[in-house]
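Visitor: Got a structure for you, questions after.
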Amino acid sequence: MTGRSNLQKFHIGIAPLTCTVKPLTLGRKMPTTTQTSFMQNRKTPRAGFTLIELLTVIAIIGVLAAILIPTVGAVRKQAAKVSSANNVKQIAISFSTFSNSGTRPRVITKGAWSTQNNRSANDMKDWAMVLAYHAEMTDANVWFISSDEDVVLYGGTLPRTIGTRGTGSTFNQSTEWNAISEREISYNAVSGMSPNAPASTTPLIWTKGLGSNGYWDATSPWQGEGGHIGFMDGHVEFFPNIADDEYRLAPGSASGQRSTTNNIRDAIETTTQSDVVRNIG
């Protein structure tokens, strides 16, 4: 008994110690996972523009506009000049087609156009009709310059086509072409020219508004900055004026002039019948 009692005393176990360590908090509770996620997703509101910043942006936009707007305007005007030069060349080539399509060279004579008098022109609308009738130059767009004041102020729809050749000698003019006057056409040209005139120096068609003093007036399509001249051989040049020595033109053989001239009338006078076809008959 004594030995057994001693064994029991010897095998008395010691229960394991357990302890729970709680997180140490200093002053406030730590955020939970849900709270942390919410705080990370919450956006901090941005501050708005201050008045000074807004005024600075407006000033920068104003400076850029002052630089870009004139540049864009100049580019558009240059593009319009290129388009006008191409149109004048196209007209001059069509005139050459008309002039050389018969057995003898033909010219546009002075007089009202009709299907019976289909080589005559009293004004620029008639002149365009001659080429539409004989050379199928029916594209009306070539006769207008977008910066021409008369074109800008025209209240109707500008024609796209002059018309179409009908059966026999008939020609059907478009409604829009019938509606315009000769004033809307942006060029002047020549009637009664000699078919034997020096082709490379004799003007055929030019931007309207060229005065006898050799300058284009302020109401001309390029506002007095110059104009195109298309010559009888089909080449086209832009002239700031024809008054300065370097821009003066060769005189026509019937003009009586021996030196270069600043008057377009002298330059086109290759016969006694030569005359300027204007926009107002």
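The values are calculated or read from the model by the stated rules, or taken from the named source; none is laboratory data. None of the values given here were measured: they were computed from a predicted structure. Glycine also receives a Cβ, built like all others from the backbone with ideal geometry; neighbour counts cover every protein chain displayed.
Visitor: From the list Glu246, Glu269, which residue is crowded, with 23+ Cβ neighbours inside 10 Å and more than 25 Å from Asn87 (Cβ to Cβ)?
Guide: On the way: Glu246 fails: crowded, with 23+ Cβ neighbours inside 10 Å.
None of the other options fit; the residue is Glu269.
Visitor: Here's something else I'd like to know. When you check Thr207 against the structure, is it of a type in the set (Val, Ile, Thr), in contact with a strand residue (DSSP E or B) (Cβ under 9 Å, 6 or more places away or on another chain) and within 23 Å of Gly111 (Cβ to Cβ), yes or no?
Guide: Working: of a type in the set (Val, Ile, Thr): yes; in contact with a strand residue (DSSP E or B) (Cβ under 9 Å, 6 or more places away or on another chain): yes; within 23 Å of Gly111 (Cβ to Cβ): no.
Criteria not met by Thr207.
Visitor: Within the set of pairs 6+ apart or on separate chains, which have a first residue in the stretch 215-226 that is in contact (Cβ under 8 Å) with a residue 60 or more places away in the chain, a second that is charged (D, E, K, R) and assigned to a loop (DSSP other than H, G, I, E, B), and C-beta atoms under 6 Å apart?
Guide: Matching pairs, first to second residue: Pro221/Asp148.
Visitor: Still on this structure, please answer the following. Tell me which residues, restricted to the stretch 140-164, are without any contact (Cβ under 8 Å) to a residue 60 or more places away in the chain, in contact with a strand residue (DSSP E or B) (Cβ under 8 Å, 6 or more places away or on another chain) and either crowded, with 16+ Cβ neighbours inside 10 Å or within 20 Å of Val190 (Cα to Cα) (or both).
Guide: Ala140, Trp143, Ile162, Gly163
Visitor: Pull up the stretch 156-198, narrow it to residues that are among the aliphatic types (A, V, I, L, M) and either part of a strand (DSSP E or B) or touching a Gly at 6+ places or on another chain (Cβ under 8 Å) (or both), then point me to the one that is modelled with the lowest pLDDT.
Guide: Going through the stretch 156-198, the residues among the aliphatic types (A, V, I, L, M) turn out to be 158, 162, 179-180, 185, 189-190, 193, 197.
So of that shortlist, the ones also either part of a strand (DSSP E or B) or touching a Gly at 6+ places or on another chain (Cβ under 8 Å) (or both) come out as 179-180, 189-190, 197.
Numbers: Ala179: 96, Ile180: 96, Ala189: 98, Val190: 97, Ala197: 93.
Filtering the stretch 156-198 for residues that are among the aliphatic types (A, V, I, L, M) and either part of a strand (DSSP E or B) or touching a Gly at 6+ places or on another chain (Cβ under 8 Å) (or both), the one modelled with the lowest pLDDT comes out as Ala197.
Visitor: Quick check on the stretch 167-177. Is at least one of its residues within 25 Å of the chain's Cα centre (by Cα) and not β-branched (Val, Ile, Thr)?
Guide: Yes: the stretch 167-177 contains one or more residues that are within 25 Å of the chain's Cα centre (by Cα) and not β-branched (Val, Ile, Thr).
Visitor: For the stretch 77-97, enumerate the residues that are within 20 Å of Asp148 (Cβ to Cβ), surrounded by 12 or more Cβ atoms within 10 Å (Cβ to Cβ) and either within 10 Å of the chain's Cα centre (by Cα) or small (Gly, Ala, Ser) (or both).
Guide: If the condition is that a residue be within 20 Å of Asp148 (Cβ to Cβ), surrounded by 12 or more Cβ atoms within 10 Å (Cβ to Cβ) and either within 10 Å of the chain's Cα centre (by Cα) or small (Gly, Ala, Ser) (or both), then Lys77, Ala80, Lys81, Ser83, Ser84, Ala85, Ala92 are the ones that fit.
Visitor: Still on this structure: Return yes or no: is Trp206 buried (at least 22 other Cβ atoms within 10 Å of the Cβ) and of a type in the set (Phe, Trp, Tyr)? Explain how you work it out, then say what you get.
Guide: On the way: buried (at least 22 other Cβ atoms within 10 Å of the Cβ): yes; of a type in the set (Phe, Trp, Tyr): yes.
Yes: the conditions hold for Trp206.
Visitor: Could you please find all residues in the stretch 200-236 being over 19 Å from the mean Cα position of the chain (by Cα) and acidic (Asp, Glu)?
Guide: Asp217, Asp233, listed by residue number.
Visitor: Which condition breaks for Val130 when tested against (1) assigned to a loop (DSSP other than H, G, I, E, B); (2) at pLDDT 95 or above?
Guide: (1)
Visitor: Then there's this: Of all residues in the stretch 210-242, which are surrounded by fewer than 17 Cβ atoms within 10 Å (Cβ to Cβ) and either aromatic (Phe, Trp, Tyr) or more than 25 Å from Ser83 (Cα to Cα) (or both)?
Guide: Kept after step one, since they are surrounded by fewer than 17 Cβ atoms within 10 Å (Cβ to Cβ), are these residues of the stretch 210-242: 211-213, 217-219, 223-225, 233, 235, 237-238, 240.
Scanning the stretch 210-242 gives Ser212, Asn213, Phe238.
Visitor: Which one is farthest from Gln78 (Cα to Cα) among residues in the stretch 132-155 that are within 14 Å of the chain's Cα centre (by Cα) and among the polar types (S, T, N, Q)?
Guide: Per the stated criteria, the residue is Asn141.
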